[in-house]
1. If a residue has to be surrounded by 15 or more Cβ atoms within 10 Å (Cβ to Cβ) and either away from ligand 2 (no atom under 16 Å from the Cβ) or not aromatic (F, W, Y) (or both) to count, how many in the range 157-175 make the cut?
2. Any idea which of T79, T110, T116 is away from ligand 2 (no atom under 15 Å from the Cβ) and either under 25 Å from D171 (Cα atoms) or at pLDDT 95 or above (or both)?
3. Could you list all residues from the range 195-227 that are part of a loop (DSSP other than H, G, I, E, B), under 16 Å from the mean Cα position of the chain (by Cα) and more than 23 Å from L182 (Cα to Cα)?
4. Looking at the range 140-157, can you tell me whether even one residue there is over 21 Å from L37 (Cβ atoms), out of contact with any Ser or Thr (no Cβ under 7 Å at 6 or more places or on another chain), in a loop (DSSP other than H, G, I, E, B) and small (G, A, S)?
5. Which residues, taken from the range 1-45, are free of Cβ contacts under 8 Å to residues at least 60 places away in the same chain, under 25 Å from E114 (Cβ atoms) and either within 13 Å of ligand 1 (Cβ to nearest atom) or assigned to a helix (DSSP H, G or I) (or both)?
6. Identify the single condition in (1) within 17 Å of the chain's Cα centre (by Cα); (2) among the β-branched types (V, I, T); (3) under 23 Å from L37 (Cβ atoms) that T231 does not satisfy, given that it satisfies every other one.
7. Mind checking which residues of the range 165-218 are of a type in the set (F, W, Y) and within 13 Å of V123 (Cα to Cα)?
Amino acid sequence: MAAAWEQWNHVTKIDPDKALHDGDTFTDIADTGTDALILGGTTNVTESSVQSILDAFVSVEIPVFVEPTYHPTTFQHATLTGYLIPIVLNAGDRTWVTGAHHEWVRSTETIEWELTHTEAYIVLNPDSAVAIYTQANCDLDADDVVAYAELAEQILGQQIVYLEYSGTLGDPAVVAAARDVLSSAQLFYGGGIHDYDSAYKMAKVADTVVVGDLLHDAGIEAVEETVRGATDA
Ligand SMILES: CC(C)=CCC/C(C)=C/CC/C(C)=C/CC/C(C)=C/COP(=O)(O)OP(=O)(O)O
Ligand SMILES: O=P(O)(O)OC[C@@H](O)CO
Ligand SMILES: [Mg+2]
């Protein structure tokens, strides 16, 4: 069976630590035309803060994934489609490559592996929370990024490669070069998408674009505009 994400052009990432924009509701997000929802953020995300958002999504039709920065213990089948577990390839602290994963696997009795997938992150905005948290080496040129993407797929067998420019719009030429080197892995791009044009531009060069902060800062209508941009690309 094809992986769920192969069909995704546009994903909305909800940060459980941030409020929605005035008047927006969680269920409105699923009606924007976005292909999937990811719940996750770098700081202050807990199983219980994720759970209260999941409760709001019981009847949504699109997939709902959790990208945990905590150690999940219970799989909530009613709304959760699966987990996406980051592996930060350019982290300076090994915790974010295999350390947290090792602890999680060791301390968790039953992990539902068929519902658990990994994402090979390459973190590229040195000022982002995720870069600071993981002590990522963001001093990478295009060839470095391409090499990380290639090794993610060919050496580590990753099916998702995620170029993470969180908070700032990245360089489309670097994104295009990373996608070119992948044979079947899906290239996710996230960072700074804020309108039709930025979504269109990045969706031209990535397989899937991820929109995060815009949801919290500008709201549902702004996200809808990015869905249109990604769909037209
Ligand atoms: C092994 C398990 C279960 C968990 C470990 C998971 C790992 C390795 C996490 C490290 C990488 C990380 C913190 C990913 C979080 C996802 C992410 C990039 C969210 C976006 O956060 P930002 O956009 O940087 O945060 P702000 O918007 O708050 O600045
Ligand atoms: O918040 P933004 O900048 O849209 O980034 C999206 C996502 O890649 C964050 O993990
Ligand atoms: Mg963010």
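1. Residues that pass the stated criteria total 13.
2. The unique qualifying residue is T116.
3. Answer for the range 195-227, where residues must be part of a loop (DSSP other than H, G, I, E, B), under 16 Å from the mean Cα position of the chain (by Cα) and more than 23 Å from L182 (Cα to Cα): just G212.
4. Checking the range 140-157: at least one residue is over 21 Å from L37 (Cβ atoms), out of contact with any Ser or Thr (no Cβ under 7 Å at 6 or more places or on another chain), in a loop (DSSP other than H, G, I, E, B) and small (G, A, S).
5. Across the range 1-45, the qualifying residues are Q7, P16, A30, L39, G40, V45.
6. (1)
7. Correct list: Y165, F188, Y189.
Listed here are the residues, each with its yes/no results for (1) part of a loop (DSSP other than H, G, I, E, B); (2) surrounded by fewer than 20 Cβ atoms within 10 Å (Cβ to Cβ); (3) of a type in the set (S, T, Y).
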residue	(1), (2), (3)
V50	no, no, no
V60	yes, yes, no
L84	no, no, no
I87	no, yes, no
N90	yes, no, no
T110	yes, yes, yes
Y121	no, no, yes
P126	yes, yes, no
I132	no, yes, no
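The values are calculated or read from the model by the stated rules, or taken from the named source; none is laboratory data. All values reported here derive from a predicted model rather than from experimental measurement. A quick note on method: Cβ atoms are made from the backbone with ideal geometry, for glycine too, and the neighbour counts reach across all protein chains shown.
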